[in-house]
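The values are calculated or read from the model by the stated rules, or taken from the named source; none is laboratory data. Please read all numbers here as calculations on a predicted model, not as lab measurements. Methodologically, a virtual Cβ is constructed for each residue, glycine included, from the backbone with ideal geometry; neighbour enumeration extends over all protein chains shown. Surface areas here come from the heavy atoms of the whole protein model, side chains and all, with no ligands, DNA or RNA. Shrake-Rupley method; radii C 1.70, N 1.55, O 1.52, S 1.80 Å.
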Amino acid sequence: MHAIPFLVSVITSGRLHGLEIGSTLSKVGQAIHSDFVDVVDENGLSLRRDYGIFEFAFNPGSEWVMANCSIELHRLASGNSMAKKWRRSMQVDFPRYLVWDELREALSQAPGAPSLSVTDQGGFLEYRAAAANVNVSVIVSDDHEARGRSLGHGDVWSVSMWAAARA
C-alpha cells in the first residue's frame, strides 16, 4: 500500500494497522513487526515505544494502554533505508518526502473525511481533526529550506492521534 491511502485511513478512522487509542502494549507488539526501543519514565508512569517511524506512548494500568501514536515521517528524510525497512515489514510504501498537498487532496476525496482546523505552530502548520473521540493532527513544515536530510516547505512532518479529553 502507498503511504497516502494508508495515512488517509489513519486520519479518517483513528486506527493504525488495527490499533487504536486504548490498545494494549501486547496488541501493538503483535501488529507492528519491527525492532523497537522502550523507554519507561523514572516514576514508571509512562512508556514510550519507538519503532523508528512509528512512536507510541502508553499509560499504566493492569496492562500498558496506548495513549497516543505518532507517525514520524520527518525521520525518512535522512535516507531511504528506513522506508525500505517499513515496506518489507509492514507493506506500506513511504516516500522519503510526503507532500501535504497530495495527502490533503486524497483526504478531501475520502468518504467521511473530517474537517481540519489549522494553527500556525511557528515553523510548522498543524492541521487538526477531532472525530470519534480521537484527535488527529498533521504537522507540515513551513520551512523554506531546500530538501535534503530534512524536509522542505509543505512536507508532512508527522501524523499523530491521541485520545480526546474526557469530561
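Some points to look at:
- Filtered residues of region 48-84 (kept if open to solvent by 20 Å² or more (accessible area, probe 1.4 Å) and among the hydrophobic types (A, V, I, L, M, F, W, C)): Ala57, Trp64, Val65, Ala67, Met82
- Subset of region 91-104 that is touching a helix residue (DSSP H, G or I) at 6+ places or on another chain (Cβ under 9 Å) and assigned to a helix (DSSP H, G or I) - its residue that is farthest from Trp162 (Cα to Cα): Glu102
- Selection count where residues are at negative phi, under 14 Å from the mean Cα position of the chain (by Cα) and open to solvent by 60 Å² or more (accessible area, probe 1.4 Å), scope region 5-47: 3
- Test: residue in region 112-126 that is touching a residue at least 12 places away in the same chain (Cβ under 8 Å), among the charged types (D, E, K, R) and touching a helix residue (DSSP H, G or I) at 6+ places or on another chain (Cβ under 8 Å): no
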